[in-house]
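Colleague: Here you go, one structure.
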Number of protein chains: 2
Amino acid sequence: MPHDGRVPSASIGGRVGRPPLTSREEILAAARRVIDSDGWQRLTIRRLAAELGVGAATVYHHVQDREDLLIQLLDSYADESMRTRLPSAPRERIVAATIAIHDTLAHWPWAAEVVAADGFLGRLSGSAVAMVEAIVAGAVECGATPAQATTVFRSLWYYTVGEILVRTRSDSSEADREARAPAFTDFDPEATPTLAAIGPRWLEFSARDTFAVGVDAFVDGLLSRIADDAG
Amino acid sequence: MPHDGRVPSASIGGRVGRPPLTSREEILAAARRVIDSDGWQRLTIRRLAAELGVGAATVYHHVQDREDLLIQLLDSYADESMRTRLPSAPRERIVAATIAIHDTLAHWPWAAEVVAADGFLGRLSGSAVAMVEAIVAGAVECGATPAQATTVFRSLWYYTVGEILVRTRSDSSEADREARAPAFTDFDPEATPTLAAIGPRWLEFSARDTFAVGVDAFVDGLLSRIADDAG
DNA sequence: ACCTGAACACCGTTCAAGT
DNA sequence: ACCTGAACACCGTTCAAGT
């Protein structure tokens, strides 16, 4: 990078040099094809390059690294699928936006890998960032200070990320579950009477989707604290 | 495995064959040494075998696979560090147990990798499982049905796992953060006025530890729902 | 300006053969 | 009964050299 004001001769009169074989857009499209056909576990830089018919090193001219690729991919998915109309009442808007974020992430199991990447939130765009705005603005409308509104968002974000992560990891076959977690059905009634009493029903209870109920409860608790501070 | 009642001749008269060079206990101890000296990212089967002075394949005679190793390791840590005396009031016991689980996991950044593994909860032992019992039993004492008590635990567990995961991933250097998330400080004031108004203070707000406040709020919300159902 | 092959520095896991 | 070397089937990433 010349800092002396010289213009690289190649840039005079438009583009020169070897024409591009691929682009950021083509790479993202190819990544979606690989995930659809082979599953997200198979989305490696090498497999992606093969899908595009280029060398693996070429990919690095269009994305920084694997994490950057996954974040861009999730952001492009998120921007498409979070175009929900939100309620105007602030409390209901917070709940609806949180559920919209959750439902989007739940559709892509690999989201859990990238959702917590450093700076992920800061690289969102379009409708995804609109959901974040909806939650934070909703909290402010409910009387929160900027710091409190940020805490409301972060708390709901942790809950969402945790649910997605555990859900993803628990989506293995019944046979795997049996082999991996045989102990959960026979707890010691002396040391852990309540768990022992629940017994095998734990698995049944855990299979229920209680995310929305949890969001509702959490928002109640978070907003009641703001009222306490104000009053 | 003979199903015909024959006893393998080797088992008559005690142990025979090549004596063990290592054991499950030695492997766990070596794993801790590797993490302490080289960091948890360096804890690979090959590095671990080198630490023990055995071949990599030998490790597989004592642990099922890498995930099994990490779960056993975390469980042994957890059993040691979750020996907290809990309050007797059920609501406070739920809060204290959740915070105890969180604080234990927060000390080992690699916990996030394994905490959501399929069946992880079912393989806990000792004081770790006592914390789960404390939360579920506390909820029952507050009037929850077994299904509701399970939901209380799972909701708090998701929140805890999410916080640990995001915390771990955000613990990179300030320089990394600058490079990765430059966008978070200049949001479009038209599209996202609240985020734009918060601006660079977002990073300051996000650095605050609000986990305990969140648990308190979440438990309030979850228990109020049980009261609603009962009344 | 962009692309490439080859290399670097690794992984987890399996298995026939040895002790 | 346990251990091993070697192999299998991969990774992400870099870089000098080519077009």
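Colleague: Compute the label-point distances linking A:Gly17 to its equivalents in the other copies; points lie 7 Å from Cα along Cα→Cβ; give nm, one decimal, shortest first.
Modeller: 6.1
Colleague: How many nanometers, to one decimal and shortest first, lie between the label point of B:Thr44 and those of its other copies, if labels sit 7 Å from Cα toward Cβ?
Modeller: For B:Thr44, the other copies' label points sit at 1.3 nm, shortest first.
Colleague: Using a label point 7 angstrom from Cα along Cα-to-C-beta, what distances in nm, from shortest up, separate B:Ala207 from the other copies?
Modeller: Spelled out, the distances from B:Ala207's label point are 4.7 nm.
Colleague: Go ahead and set up a Gaussian network model of chain A, Cα springs under 10 Å, then flag whichever of A:Ala130, A:Ala100, A:Ala207 fluctuates most.
Modeller: A:Ala207
Colleague: In whole Å, how far is the Cα centre of region A:74-136 from that of region B:64-133?
Modeller: 30 Å
Colleague: Now for a separate question. Decide, for chain B, between rounded, prolate and oblate: order the square roots of the alpha carbon gyration tensor eigenvalues as a ≥ b ≥ c, take rounded if a/c falls under 1.5, and otherwise choose prolate if a/b is larger than b/c, else oblate.
Modeller: Details: a/c = 2.92, a/b = 1.44, b/c = 2.03.
Verdict is oblate for chain B.
Colleague: Can you classify region B:34-153 as rounded, prolate or oblate using the Cα gyration tensor, where a ≥ b ≥ c are the square roots of its eigenvalues, rounded means a/c under 1.5, and otherwise it's prolate if a/b beats b/c and oblate if not? All intermediate terms of the calculation are to be shown ahead of the outcome.
Modeller: Working: a/c = 3.26, a/b = 2.36, b/c = 1.38.
Prolate is the answer for region B:34-153, as a/c is 1.5 or above and a/b outweighs b/c.
Colleague: Starting from the Cα gyration tensor of the protein assembly as shown, take the square roots of the eigenvalues, sort them a ≥ b ≥ c, and report rounded, prolate or oblate (rounded when a/c is under 1.5, otherwise prolate if a/b is larger than b/c, else oblate).
Modeller: Numbers: a/c = 2.01, a/b = 1.15, b/c = 1.75.
Note, shape of the protein assembly as shown comes out oblate.
Colleague: Would you list the membrane-span-like helices of chain A, meaning whole DSSP H runs whose alpha-carbon atoms span at least 27 Å along their axis and whose mean Kyte-Doolittle value is at least -0.5?
Modeller: Values: long enough: A:146-170 (36 Å, 0.03); A:211-230 (29 Å, 0.87).
Sorted by number, the helices that extend far enough and score high enough are A:146-170, A:211-230.
Colleague: Go through region B:23-98 and name the trypsin sites (Lys or Arg not before Pro) that are in a DSSP coil and have 13 or fewer other Cβ atoms within 10 Å of their Cβ. Mind showing how you got there, number by number?
Modeller: On the way: sites: B:Arg24, B:Arg32, B:Arg33, B:Arg42, B:Arg46, B:Arg47, B:Arg66, B:Arg83, B:Arg85, B:Arg91, B:Arg93; in loops: B:Arg83, B:Arg85.
For trypsin sites (Lys or Arg not before Pro) across region B:23-98 that sit outside H, G, I, E and B with at most 13 neighbouring Cβ atoms in 10 Å, the list reads B:Arg83, B:Arg85.
Just so you know, all these numbers are worked out from the coordinates, no wet-lab data involved. Since the structure is predicted, the reported quantities are computational estimates derived from the model, not experimental observations. Reconstructed Cβ throughout: ideal geometry from the backbone, glycine too, with neighbour counts over all protein chains shown.
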